[in-house]
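The values are calculated or read from the model by the stated rules, or taken from the named source; none is laboratory data. The structure displayed is predicted, hence computed values, not measured ones. Heads up, the Cβs are rebuilt from the backbone with ideal geometry, glycines too, and the neighbour counts pull from every protein chain shown. Side chains are part of the model used for accessible areas, which takes the heavy atoms of the whole protein and leaves out ligands, DNA and RNA. Shrake-Rupley method; radii C 1.70, N 1.55, O 1.52, S 1.80 Å.
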Amino acid sequence: MVLLLNFAHPLTDDQVRQVTELIGAPPTVQTVPTQVDRTQPLGATALALAAATGLTGHDWQTRPLIVNLPGLAPVAAALLAEIHGRCGYFPPVLNIRPVAGSLPPRYEVAEIVNLQGLRDQARTRRYTNTVAP
């Protein structure tokens, strides 16, 4: 079963249903409180967030994961580096976007981004200036 690590706002029932449709099975959602102290180094923050999941080394390397990253870009980047170090690959991440014209504002899961696939494709362009995927 896929573990969805949520480091952002709580996911709505609709968003979890959208993820379920995209992956073909309901994920186990684990929300990790992500209040960041910007006076602390990002490496320490990423380490604390990953540790807060309670996952073991075995879990990081064997459980199928999807990550909903924190909204603050520098924290998200540091957390991705930490997770990559623990898993050995970039995990898929949620792309959550606003629903156009919704009042009050609502957000939907637009896609699950295969970061490892993007990275692997980018490696083929390492020595070229190719723009197309």
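Laid out as a table, the results:
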read-out	value
Search result, residues across region 16-56 that are farther than 15 Å from Ile83 by Cα, β-branched (Val, Ile, Thr) and over 17 Å from the mean Cα position of the chain (by Cα)	Thr39
Positions within region 22-53 being exposed (fewer than 11 other Cβ atoms within 10 Å of the Cβ) and free of Cβ contacts under 8 Å to residues at least 12 places away in the same chain, in sequence order	Gly24, Gln35, Asp37, Arg38, Thr39, Gln40, Pro41
Residue satisfying condition, being out of contact with any helix residue (DSSP H, G or I) (no Cβ under 6 Å at 6 or more places or on another chain) and over 20 Å from Gln116 (Cβ atoms), within set Val16, Val36, Val67	Val16
Set Arg97, Arg86, Arg125, Arg106: member being of a type in the set (D, E, K, R) and within 30 Å of Ala44 (Cβ to Cβ)	Arg86
Matching entry among Asn68, Asn114, Asn95 (being within 16 Å of the chain's Cα centre (by Cα) and surrounded by 15 or more Cβ atoms within 10 Å (Cβ to Cβ))	Asn68
Single unsatisfied condition, Leu103 versus (1) open to solvent by 60 Å² or more (accessible area, probe 1.4 Å); (2) closer than 17 Å to Met1 by Cβ; (3) aliphatic (A, V, I, L, M)	(2)
Residue list for region 4-15, restricted to those being assigned to a loop (DSSP other than H, G, I, E, B) and more than 15 Å from the chain's Cα centre (by Cα)	Thr12
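Residues checked against (1) touching a helix residue (DSSP H, G or I) at 6+ places or on another chain (Cβ under 9 Å); (2) not aromatic (Phe, Trp, Tyr):
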residue	(1), (2)
Val2	yes, yes
Thr45	yes, yes
Trp60	yes, no
Leu80	yes, yes
Phe90	yes, no
Leu94	yes, yes
Pro105	no, yes
